[in-house]
Amino acid sequence: MIKKILVAALVLFTISCEKENDSFLIKGKIDSFYSGRKIKLVKLDRIKTVTIDSTIITNGKLELKGSVESPDLYYIFIDNYKGSFPLIVENETMNIEFNKDTIANSIVTGSKENDIFKIYQDFAKPLRDQNAKLNQQFRVAQANNDMQTMQQIRAKYDSLVKVNNDKSIENIKKYNNAAISAVMLEDFLNAKVVTAKEAEEIYNTFTQDVKNTRSGKEIKRIVDATIATEIGSVAPEFSGTTPEGKTIALNDIRGKVTIVDFWASWCGPCRKENPNVVKVYNKYHEKGLEIIGISLDGNKRQNNPKEAWLKAIETDSLDWHHVSNLQYFNDPIAKLYNINAIPATFILDENGKIVAKNLRGPALEQKISELLD
């Protein structure tokens, strides 16, 4: 039930005038049992998986090389081994002594960020162990339909998560000069453990180097987008490419009421809601309702995302304005509005102010009626 347990405890960095490295080298030692297998260093995110470097383990030894813009979280995978080894990659020479039985227990040296990450992991281990025991107990109680025990276990889960979150936030605030703090805060912000306002307050205490990391920049983007799209704010202006290849902007088509609708042809809930949106549009368009759909087509499973987008528009009779960059959740408009799930809708008044968000079914029609009838 607990997807991830995060912890934070950091140490201060020593300031020096030495030349900064612009590349990393990871040297590894592993039991010769793994010789001949491919090992790779991977960056994971929601949109795609990128292999940074890979090699073949030879006589129990390996080297992985590359360069990173800033310290960040990466994973090591070994062929025919279930699981992965997380580590912070920074432009340093790092050594990994792989644990032959449990790769998760491997040890990294030569990296300040990984020294810190080790503290995170050491704090998390007993919590993970407790979580595993609770999961077992919950499955037994569930099989026996023991609702009382299930509720008690859920309460223990909640307590476990609170202990973790409180300690993590305390340490993120305390150690504001390490990149791993930004990685932690980004994770908490996406998981809604902290609000955008809370995240902004913590972010403002980070050193400039931490703000300049990928996670630091992403925190700033999410915070700004969240605040900019709160009810009562004027919706951020944008423009996009239409199916005909032209460019239209939000201000070009804004009506007395405007619905900004994020959707995609591959999104089942979006397609299910479309008939209701069509009904509302047909009923209120002549009274001043406009809709602009932003499609998040373009995921890697689509052979021809534009064709799928156009076919869905025709099939669902979506006779309003449409734009798309065909970049899935990397769409710049989606990022501007901090879209993490679809369908997502924003209802704007004639001045472009956001008056409601994410209404579906009868609730959507009722709100449009309030504004136009």
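The values are calculated or read from the model by the stated rules, or taken from the named source; none is laboratory data. On a predicted model such as this, the values are computed, not experimentally measured, just so you know. In this analysis, Cβ positions are derived from the backbone assuming ideal geometry, glycine residues included, and neighbour counts consider all displayed protein chains. What goes into the accessible areas is simple: the full protein's heavy atoms, side chains included, and nothing from ligands, DNA or RNA. Shrake-Rupley method; radii C 1.70, N 1.55, O 1.52, S 1.80 Å.
Roughly what % antiparallel, to the nearest 5, for the DSSP beta bridges in segment 170-302?
30 percent
Of all DSSP beta bridges located in the chain, what percent are antiparallel, nearest 5? Show your work: numbers first, answer last.
Details: 38 of 53 bridges.
Beta bridges within the chain, antiparallel portion: roughly 70 percent.
Express in nm, to one decimal, how much length is gained between ASN212 and ASP158 on full extension, taking 0.36 nm for each residue of separation and deducting their alpha carbon distance.
Details: separation 54, 0.36 × 54 = 19.44 nm, distance 3.38 nm.
Full extension of this stretch gives 16.1 nm more.
Cα centroid distance between segment 237-284 and segment 106-154, in Å?
Cα centroid of segment 237-284 versus Cα centroid of segment 106-154: 43 Å apart.
Just to confirm the filter: which trypsin sites (Lys or Arg not before Pro) across segment 123-194 are DSSP coil and have at most 11 other Cβ within 10 angstrom of their Cβ?
Qualifying residues, ordered by number: LYS192.
Taking the solvent-accessible surface of protein heavy atoms with a 1.4 Å probe, what is the per residue accessible area of segment 20-136 in Å²?
I get 55 Å² per residue for this part.
Show which lysines lie in cross-link reach of LYS283 when reach means a straight Cα distance below 23 angstrom and same-chain residues fewer than eight apart are skipped.
Candidates past the 8-residue exclusion: LYS256, LYS272, LYS353, LYS357, LYS367.
Based on alpha-carbon centroids, what's the gap between segment 292-330 and segment 42-94 in Å, whole number please?
The two parts, judged by their Cα centres, are 34 Å apart.
So what's the Cα pair-distance distribution over the chain, bin width 20 Å, in %?
23, 46, 28, 2
Nearest 500 deg cm²/dmol is fine: what mean residue ellipticity at 222 nm does the chain get from its DSSP H runs of n ≥ 4 alone, each adding -39,500 (n - 2.57), divided by its residue count?
When only DSSP H runs of four or more count, the value is -12500 deg cm²/dmol.
Which whole-number percent gives the relative contact order of segment 179-301, counting Cα pairs below 8 Å spaced six or more residues apart?
19 percent
What whole-number value in Å² describes the accessible area per residue of segment 245-305 for a 1.4 Å probe?
48 Å²
What lysines does LYS162 reach when the alpha-carbon gap must be under 23 Å and sequence neighbours fewer than 8 apart in one chain are set aside?
LYS3, LYS4, LYS118, LYS125, LYS133, LYS173, LYS174, LYS192, LYS197
Please say if segment 135-248 is rounded, prolate or oblate, where rounded means a/c under 1.5 for a ≥ b ≥ c the square roots of the C-alpha gyration tensor eigenvalues, and otherwise the choice is prolate for a/b larger than b/c and oblate otherwise?
Details: a/c = 2.87, a/b = 1.51, b/c = 1.90.
Oblate is the answer for segment 135-248, as a/c is 1.5 or above yet b/c matches or exceeds a/b.
In the chain, carbon and sulfur make up what percent of the accessible area (probe 1.4 Å)? Intermediate values should be presented prior to the final figure.
Values: 9610 of 19930 Å².
About 48 percent, which is the carbon plus sulfur part of the accessible surface.
Taking the Cβ-Cβ separation of ASP31 and GLU69 as r and a Förster radius of 41 Å, what is the calculated FRET efficiency to the nearest 0.05?
My answer for the efficiency is 0.75.
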